[in-house]
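Below: the structure, in structure tokens.
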Amino acid sequence: MKLGFIGMGNMGQALCEGWIKADVLKPEDVFAYAPHQDKLKANAARIGFQPADSPAALVQAADWILMACKPYQVEAVLADIAPLLNGKVLLSVALGWDLAKYQTILGRDQAIQFIMPNTPARVGEGVFLFEEANTLAEDDLTAAKELFASLGQVYTLPSRLMGIGGAISGCGPAFVDLMMEAFADAAVRYGIPRDLAYPLVSQTFLGSAKLQRETGIHPAALKDAVCSPGGSTIRGVLALEEKGARAACQAAVDAVMQY
Ligand SMILES: NC(=O)c1ccc[n+]([C@@H]2O[C@H](COP(=O)([O-])OP(=O)(O)OC[C@H]3O[C@@H](n4cnc5c(N)ncnc54)[C@H](OP(=O)(O)O)[C@@H]3O)[C@@H](O)[C@H]2O)c1
């Protein structure tokens, strides 16, 4: 597979670096185009991919194209490269650019897969939501899922659920980061040094998430198991309830979905 990135910002770098580091893709098989060529070349030297000096050169060099520029830039990029995409596979992580939207420009014959990624891809713990509706050949779909599964977990969702899925997995890291910061501040307040507070909190989040994922035990049962009768943990849990932690989580997702 020769893969070409259109856009090499935060998400492009997270994916590209992950695949090259894990030896899933070879540096000579990965290409990228971005308008600020100095920055692109500096990233190319650091990560190992091959820089391209135009979107057309990129599409000619690669057989798989990964659209990773900002959503509002996609239409102009397509105007440049649409005729060159024939026979190539187009993957896209641009928010809002689902299959139906691409097809209004590229028609029904183009192989297209919309994927919602998230930033923990950088450390191999990403969530990748594949839109169920796609126009990839079966072998290509399998290859695309394998590629992304090398950097996290792949889930397939119907088009109508991609928005809420992305609100949880795409925005979720920011929600979790805010909570980690808040617990670290609380730890510092009671004397834990700042540089120990973050690893202490992040390992607690990581371990709790892994325990739930690997055992499949309901989060409420895991919580119950930690709360001994008359103990201190249940007092903390009830304080979170009193302060509306559960409602705050719901409100965060409501706010995202109102957009
Ligand atoms: N970051 C996330 O957590 C996240 C999550 C889900 C989905 N996404 C999606 O991932 C995509 C990229 O997001 P990001 O956070 O990586 O953005 P970003 O850091 O701003 O990167 C955007 C990239 O696009 C390039 N670019 C700008 N204009 C372009 C053009 N006309 N043609 C081609 N490339 C162009 C930029 O190049 P220059 O630097 O040279 O200008 C930069 O490399 C977005 O569509 C977003 O919806 C991101």
Against the condition surrounded by fewer than 18 Cβ atoms within 10 Å (Cβ to Cβ), within 12 Å of the ligand (Cβ to nearest atom) and over 27 Å from Asp23 (Cβ atoms), how does Gly96 come out, does it pass?
yes
Restricting to the stretch 120-153, name every residue that is at positive phi and outside any loop (DSSP other than H, G, I, E, B).
Gly152
Please specify each residue of the stretch 16-67 satisfying the condition of being assigned to a loop (DSSP other than H, G, I, E, B), surrounded by 19 or more Cβ atoms within 10 Å (Cβ to Cβ) and in contact with a Pro (Cβ under 9 Å, 6 or more places away or on another chain).
Ala34, Phe49
Flagged in the stretch 49-103 as in contact with an Asp or Glu (Cβ under 7 Å, 6 or more places away or on another chain) and among the small types (Gly, Ala, Ser), in numbering order, are Ala56
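Among the residues of the stretch 31-41, are any more than 12 Å from the ligand (Cβ to nearest atom) and modelled with pLDDT of 95 or more?
There is at least one residue in the stretch 31-41 that is more than 12 Å from the ligand (Cβ to nearest atom) and modelled with pLDDT of 95 or more.
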Exactly one of (1) closer than 18 Å to Met1 by Cα; (2) within 24 Å of the chain's Cα centre (by Cα) is unmet by Cys69. Its number?
(1)
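The values are calculated or read from the model by the stated rules, or taken from the named source; none is laboratory data. Not measured: the values here are computed from a predicted model. Neighbour counts are summed over all protein chains in view; Cβ atoms, including those assigned to glycine, are modelled from backbone coordinates with ideal geometry.
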